[in-house]
Amino acid sequence: MCQKTDKDYYITTAIAYTSGKPHIGNTYEIILADAIARFKREEGYNVRFQTGTDEHGQKIELKAEAAGIDPKQFVDGIAGEIKRIWDLMDTSYDRFMRTTDEYHEKQVQKIFTKLYEQGDIYLSEYEGLYCTDCEAFFTESQLIDGMCPDCGRPVKPAKEEAYFFKLSKYADRLIEHINTHPEFIQPVSRKNEMMNNFLLPGLQDLCVSRTTFKWSIQVPFNPKHVVYVWIDALTNYITGLGYDADGNHDELFKKFWPADLHLIGKDIIRFHTIYWPIMLMALDLPLPKQVFGHPWLLQGGGKMSKSKGNVIYADDLVDLFGVDAVRYFVLHEIPFDNDGNITWDLLIERVNSDLANVLGNLVNRTIAMSNKYFDGIVENKGISEPVDQELIQVALETKEKVVAKMDELRVADAIDEIFKLLRRTNKYIDETMPWALAKDETQKDRLATVLYNLCESIRFSAVCLKAFLPSTAGKILAQLNTETASLDSLNQFGQYASGTKVTDHPEMLFARIDPKEIEKKIEALTPKSVEVKEEKKEDAPQITIDDFNKIELTVGTVEACEKHPSADRLLVSQINIGKETRQIVSGIAQYFTPEQMVGKKVIVVSNLKPAKLRGVESQGMILAGTTSEELDLVTLVKDLPNGTRIK
């Protein structure tokens, strides 16, 4: 019988929703997971890496209807496209899971029935404001400017009979688990958000069935209902291993569950750290060891969206820059817990500076000098100088530093450590000047030692890069003509076999990019903005002076400001209005940073009834003017004191 050991490692991504082609922001997650999985394999772990597609729901039913095809035919096409892009990006998953797989659908029905029979699911009625795009209900207080707080689209009232899952029954147990397992939710900011905004205020039971659409898994004991989103989508992590609700589990499930890492976007952290662990508790299964909510890759400072016309696709980037260049960019440019930005200028700069110059040029120069001075034979003659020890020390420290960063999932920082070694190796060339040594016959053995040290340092870098730039690392090791490529081989400097002959046909790893030459190709990929004619709006109804006098407008100063913990469009400001300081939540994050807000004089609607916006109370409103493209705050010409009433 299989049993999980310390060397068995199960990593998953969120399953991609099959409503359309994934953009580079979506693709970042699979590349990040692949880098982690590959590195774990290099460390000797037996890795199981699962990804896949989420294929049910009302949005898909509507899109298939609009396309004039069956929903299964629709998701088959999109799932195939997602898999094509995952494969294009050289990702090494073991299982591509689809929620339309027959085994998964049968197990979801069995799980739903089991939870119902043990009293964790019950029949009731749901009434609220429904967003079709997000397939989620919201209360009035959760809306932002009357729109869905997640996607910004319209919502509509909905009421229907539904089954509910008793989240509240397990809330205290989950709180205890989170408090006693600080590593469970990472980064820590995500943990604080879940505790303060959802768990501690109290959980509402979760709607887990629908009757208003058909494209999902039928509830077996009440066929007019279909399973709604989360019991279907989240359980893929166990059904993909062969979990069976009756207890007849596959050996894979016994070997790899619980998951070591669920890697997901920060926008779905709540579902994976509240809904999912509570489902597992109800099924009497161990919880995953860690859920990591990674940040986003933004374009132009905002999320990518077709409606904004700012979408960039991975396959288009690969056509321009190559697979490993795209992998390098997304892995390097997104910090551990902050969003990253993608711009064409930054992409070109990274390719030219980091990949073509620091890495590619170093390898090419070293191979070329080895061929020029010694017909490609690299030998360690042992003629050392103090400068060699500095390089060797950096090389020997690199593996430990990379491992330490990867243990914390700080992938960008791990890559930085490798490039520190590459830059130090480039500096070593300038310090030792092989071209000068070659002119002095008495320095031949010293020259040979220098070139050996260069090749060995490059080998160290290539071995460390295997998880991040697998194709490039393979090419470097092939040019060095070595199969000594394990992490353990980096415990000692000098494992590159003396007397090895490097390739006599070095391959250019990364070509420098001329921005002018690539400009037209980029323009072809950039959607042209469409001029939208503004519809004539009806005049607002007239009000009397008595109506106006009911509105209390007060001068205030923003004393502190921070991002909303669970809504990227919102800022939370502390505003001094004279007699008190008010907390006000505003949908202005795409126009102002928290730092820009601090110190601003603003006009506040100070007698507005307090309301909670995404779990944070707002005690008023800041006046602002807006067009379809811009927003600015209403401010003062003269510096009136805080608390001044505007009339």
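The values are calculated or read from the model by the stated rules, or taken from the named source; none is laboratory data. This structure is a prediction, so every number in the text was calculated from the model and none was measured. All Cβ positions, glycine included, derive from the backbone under ideal geometry; neighbour counts span all protein chains shown. Calculation scope for accessible area: heavy atoms of the full protein, side chains included, ligands and nucleic acids excluded. Shrake-Rupley method; radii C 1.70, N 1.55, O 1.52, S 1.80 Å.
Compactness check for region 1-94: Cα Rg over 2.2 N^0.38 Å is 1.29.
Centre-to-centre separation between the Cα atoms of region 69-86 and those of region 2-16: 26 Å.
Database remark: amide H of MET97 closer than 5 angstrom to the amide H of THR51, GLY52, THR53 (H placed geometrically; neighbours at sequence offset of 5 or more, or on other chains; Pro and chain starts carry no H). Taking 17 Å as the straight-line reach from the Cα of LYS381, the lysines in range (excluding those fewer than 8 positions away in the same chain) are LYS444, LYS501.
The alpha carbon radius of gyration of region 456-530, expressed as a multiple of 2.2 N^0.38 Å, is 1.62.
Counting only Cβ charges, +1 for Lys and Arg and -1 for Asp and Glu, the dipole size of the chain around its Cα centre is about 520 debye. Its relative contact order, with pairs defined as Cα atoms under 8 Å and 6+ residues apart, puts region 542-647 at 31 percent. With N the number of residues in region 282-433, Rg(Cα) / (2.2 N^0.38 Å) evaluates to 1.38.
Surface analysis of the chain yields an accessible area of 46 Å² per residue, using protein heavy atoms and a 1.4 Å probe.
Quick check: from the Cα gyration tensor, does region 98-144 come out rounded (a/c under 1.5), prolate or oblate?
Since a/c reaches 1.5 but b/c is at least a/b, the shape of region 98-144 is classed as oblate.
Per-residue ellipticity at 222 nm from helix content only, as computed over the chain with -39500 (n - 2.57) for each DSSP H run of at least four residues, stands at -11500 deg cm²/dmol.
By a 1.4 Å probe calculation restricted to protein chains, ARG153 has an accessible surface near 90 Å², given to the nearest 10.
Principal axis extents of the Cα atoms in region 551-638, from largest to smallest and rounded to whole angstrom, are 30, 27, 23. Here region 172-216 is described by how far its Cα atoms reach on the three principal axes: 41, 20, 17 Å, from widest to narrowest. Taking every alpha-carbon pair under 8 Å whose residues sit at least 6 apart, region 118-182 reaches a relative contact order of 38 percent. Within a straight-line Cα-Cα reach of under 13 Å, LYS609 can be paired with the following aspartates and glutamates, leaving aside sequence neighbours fewer than 8 residues apart in one chain: GLU552, GLU617. With the simple spin-label model, which puts each label point 7 Å out from Cα in the Cβ direction, the GLU483 to ARG423 separation comes to 3.6 nm. Pairs to check: LYS563/LYS612; LYS21/LYS520; LYS289/LYS399; LYS289/LYS401. Give those whose C-alpha atoms are more than 20 Å from each other in this structure. Checking Cα-Cα distances, LYS21/LYS520; LYS289/LYS399; LYS289/LYS401 exceed 20 Å. Binning the C-alpha pair distances of the chain at 10 Å intervals from 0 yields a P(r) profile of 3, 13, 21, 22, 18, 13, 7, 3, 1, 0 %, listed from the shortest bin outward. Here are some pairs, LYS600/LYS638; LYS63/LYS159; LYS59/LYS214; LYS159/LYS214; which of them have Cα atoms lying more than 20 Å apart in this structure? Distance filter (> 20 Å) returns LYS63/LYS159. Once region 211-361 is represented by equal point scatterers at the alpha-carbon sites, with solvent omitted, what log10 I(q)/I(0) does the Debye formula produce at q = 0.09, 0.10, 0.11, 0.15 Å⁻¹? One equal scatterer on each Cα of region 211-361 leads to -0.48, -0.57, -0.67, -0.97. Averaging Cα coordinates gives a centre for region 336-397 and one for region 103-132; these two points are 56 Å apart. Our Cα-only numbers for region 126-226 put the radius of gyration and Dmax at 16.2, 42 Å. The ASN46 and ASP76 beta-carbon pair, evaluated with R₀ = 30 Å, returns a calculated FRET efficiency of approximately 0.40. When both bridge partners sit in the chain, DSSP labels roughly 70% of those beta bridges antiparallel.
Our summary of shape: the Cα atoms of region 15-67 have principal axis extents of 49, 20, 12 Å, ordered from largest down, in whole angstrom. All C-alpha to C-alpha distances of region 386-487, sorted into 10 Å bins beginning at zero, yield P(r) values of 15, 43, 31, 9, 2 percent in whole numbers. Taking square-rooted eigenvalues a ≥ b ≥ c of the alpha carbon gyration tensor, is region 51-151 rounded, prolate or oblate, where a/c under 1.5 means rounded and, failing that, a/b exceeding b/c means prolate? Because a/c hits 1.5 or more and a/b fails to exceed b/c, region 51-151 counts as oblate. Spherically averaged projected area of the convex hull of Cα atoms, region 175-280: 8.3 nm². Surface composition of the chain: carbon and sulfur atoms hold 48% of the protein heavy-atom accessible area at a 1.4 Å probe.
Based on Cα contacts under 8 Å between residues 6+ apart, the chain shows a relative contact order of 12 percent.
Taking the chain as a whole, the Cys residues whose C-beta sits 4.7 Å or farther from every other Cys C-beta are CYS2, CYS151, CYS207, CYS455, CYS464, CYS561. Calculated FRET efficiency, LEU608 to GLN3, Cβ-Cβ distance, R0 = 60 Å: about 0.50 to the nearest 0.05. Applying the Karplus relation 6.51 cos²θ - 1.76 cosθ + 1.60 with θ = phi - 60° to region 41-49 yields 3J(HN,Hα) values of 4, 4, 7, x, 7, 8, 9, 10, 10 Hz, where x marks Gly and Pro. Under 5 Å between amide hydrogens, built in the peptide plane, is the criterion, and for TYR45 it picks out nothing among residues at least 5 positions away or on other chains.
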